Structures are given as structure tokens and as C-alpha cells.
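Reviewing the structure listed below.
The values are calculated or read from the model by the stated rules, or taken from the named source; none is laboratory data. Predicted model, so just to flag it, every value in this text is computed and none were measured. Quick reminder, even Gly has a Cβ in these numbers, built from the backbone with ideal geometry, and neighbours come from all protein chains shown. Surface accessibility is based on the protein's heavy atoms, side chains included, excluding ligands, DNA and RNA. Shrake-Rupley method; radii C 1.70, N 1.55, O 1.52, S 1.80 Å.
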Amino acid sequence: MLDDRDLLAERYHVEPLWFDGRRLGRSLARQAATLARTKADLVFGWFADYHLVQPIRWASRRGVPSVVVLGGYDAVHLPSLGYGVFGSVWRAPLARDVCRRTTHLLPVASALVESVNAFATWPEPTAQGVRTHVPGLTTPTTVLPTGYDPEAWPMGKASRPASVLTVARVTDERTYRLKGLDLIEAAAGQRPGVPFEVVGVDPTVASRPVPPNLALRPPVPREALAARYAAASVYVQPSRSEGLPNALCEAMLAGCIPVASPVGGMPEAVGEYGTVVSAPTGEALAEAVRTALASEQAGRRDAIRERARSRYGRARRRDGLYALLDGLLSTR
């Protein structure tokens, strides 16, 4: 979100409209006051949810174009994980209203438009995406992946000691399962000679018993992750639901061999350069890690970085945003 704000500020005057969901009434009042005096030519926001209802309705009433980025949770409904905006009785209709009223939807991965996820509901597949959860949706949609600055995520050494890294913000048992840390826990137990590290786990969750070769670390500033990526041999993202996770793309830019679950935009990101986990089990993840560790060869990490740079470089995101927004603004 902040990366997009910075990109847009390079070309347009940007007026941020902050929203704090913990202070709902105050945030809605501040939104209404700001919208009453703004003369914006376009509304741009991340995630189809209640925080965008007022801005998108304001734009719709005035004939002002609007763009909503779909990032992940706003395109799914996973009751077993308590995850997804479409599982909420009151938020689901608001999310649908945002999707239908906005001028353009901008999902970061094609899976957020329409897909099937069996990894979260194994072995039964479930239909996901906004076309599934917003019946009759006709809003124009363009898939545009998020973008990353290759210079911010420098390449590590070509040869690295065997190690596995995961970066995930985990605050409770629900997000522990959502991010697949239970699978990492099981896989680490089956690969005792390989060090596993997860960065981003709250201390209350990290106090749980885990295999001795698995370290659960607290969150660190984003800029501190570059050194972690550059030192890791394999990066693992076994989430049961995702859009296009920043950490996976950043790790690939640093040359990590990627291992990911078959959800969201991750299979497209990994391609033939890494391994997609076959099933949500510790055994399947341990085998995927073994395959990744055994696949290191000359030039492989460079090829992984080039894939991430070409598909998810900041310049591609910038050019795609400018082309879409300039086109919408030209119609006014």
C-alpha cells in the first residue's frame, strides 16, 4: 500500500485518507469530513472492505473514477480458518458494494478474480475469487502484480549453507495456521539437520514448543529483512491463503530458492524456478524443501532473481498504474 502511495506521488498530487478500524466511528466521521471538502479527480484504495465504502460511493455519485486494489483477504471466504471478508455478515455486503461501484478493480494476482483453493480445505477444493463471491460482477478488472525495487533486495552469495527462511506476521493461533506454520513445524521435525527460521511471530505465539531446529523470531523492520533473505538458501511460504506475498517476491530477488503452496499468485511467481507444495502436510513440505535444497546449481539463484525482477519489478507496477490511471483521468 505504501509502495503504491509513493509511486503515485511521483506523478500525481496524492491526498492520503487514513482509516483506523479500531476507532470506527471517528474514522468514518473524519472520512466524511475530508470527502466533503476534497476536489479529487480520482479515488485509489487498497482492499475491498468497509473502509472504502464512503470514498467509492462519493466517487460514484460525482462521476469521479475510482480504482480498488484486491490484495487477498478481500477475495476469499474460508470459514475453517475464519478468514476472508466474505465470511462476515456485515462486511461481505459492503465489500460487494465496493466491488460493484468502483470504476476498476486491480487484483495483484489472477487467482483473486477466479480460482480454486484445495490447500486450505484439503482435500475438497473450494471456489474463490471476487467473481465467485460477488455474483454478477461486471466491473472492469485488470491483473497487475505488486512491484519491488531490486536494489532494495540485493542478491546474496551464490553458494549458501542449507537453511530455510519464512517471513510471516503471526499474532495468534489462527494466523499460525493461515500462514502454514504448523506445516513448517512438522517439516522441521522431519529435516532435523536443516535450520528453519520464521521471522514475524509475536512472543506469545513463539513460546509454544517446536523442534530444536526451528526458531520463531519476533517481527523486525522491513529493511532488516534484506540481510535475512540474502543469507537464506530456501524461502518457504506454505500459506493456506494468499494474494501475492511481498516476502516471497523479495526473497526471490535476493536469490532464495522458493517453495510455496498452490494458492493465490504464488505458483505463477515460483514457476519452474522453485517447488510448489503438493499437499498441506508436513511430509509434502519436507519433501519440497529437500528438492529445493538439492536443486542449487550454477546460475540458479541469478535466474530466480531475474524472474522476480522481470515479472515483479517496481517499474512494471509503476507503468501499469500510470497507464490505467491516466486513461481513467482522460475520460473526465
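Surface composition of the chain: carbon plus sulfur atoms contribute 53% of the solvent-accessible area (1.4 Å probe, protein chains only, all chains present).
Using a Gaussian network model of the chain in which every pair of alpha carbons under 10 angstrom is joined by a spring, one finds that among E283, E306, E15 the greatest mean-square fluctuation is at E15. Scalar couplings 3J(HN,Hα) for segment 177-187, obtained by applying the Karplus form with A = 6.51, B = -1.76, C = 1.60 to θ = phi - 60°, are 6, 4, 7, x, 5, 5, 6, 5, 4, 5, 5 Hz; x denotes Gly and Pro.
Accessible surface comparison of S330, S115, probe 1.4 Å, protein chains only, largest first: the order is S330, S115.
Protein heavy-atom accessible surface, 1.4 Å probe, per residue over segment 72-229: 45 Å².
How tilted is helix 282-294 with respect to the longest principal axis of the chain? Cα atoms for both, answer in degrees (0 to 90, nearest 10). So the helix axis and the longest Cα principal axis differ by about 80 degrees. Estimated at the nearest 10 Å², the accessible area of L112 is 0 Å² with a 1.4 Å probe.
DSSP finds beta bridges in the chain, and of those with both partners inside it, around 15 percent are antiparallel. With both labels modelled 7 Å from their Cα along Cα-to-Cβ, the A224 to D6 distance reads 1.9 nm.
Semi-axes, largest first, in whole Å: what does sqrt of 5 times each Cα gyration tensor eigenvalue give for segment 174-236? Provide the component values of the computation, followed by the final result.
On the way: eigenvalues 66, 50, 21 Å².
Semi-axes (√(5λ), whole Å): 18, 16, 10.
How would segment 160-292 be classified by its alpha-carbon gyration tensor: rounded, prolate or oblate, with rounded meaning a/c under 1.5 and the a/b versus b/c comparison settling the rest? Because its axes are fairly even, with a/c under 1.5, segment 160-292 counts as rounded.
Are there chymotrypsin sites (Phe, Trp or Tyr not before Pro) in segment 30-102 that DSSP marks as loop and that have at most 13 other Cβ atoms within 10 Å, and which are they?
Details: sites: F44, W46, F47, Y50, W58, Y73, Y83, F86, W90; in loops: F47, W90.
When the chymotrypsin sites (Phe, Trp or Tyr not before Pro) of segment 30-102 are filtered for loop state and at most 13 Cβ neighbours within 10 Å, W90 remain.
Computed 3J(HN,Hα) for segment 12-29, one whole-Hz value per residue from the Karplus formula 6.51 cos²θ - 1.76 cosθ + 1.60 where θ = phi - 60°, is 10, 7, 10, 10, x, 10, 6, 9, 10, x, 6, 10, 4, x, 5, 5, 5, 5, glycine and proline marked x.
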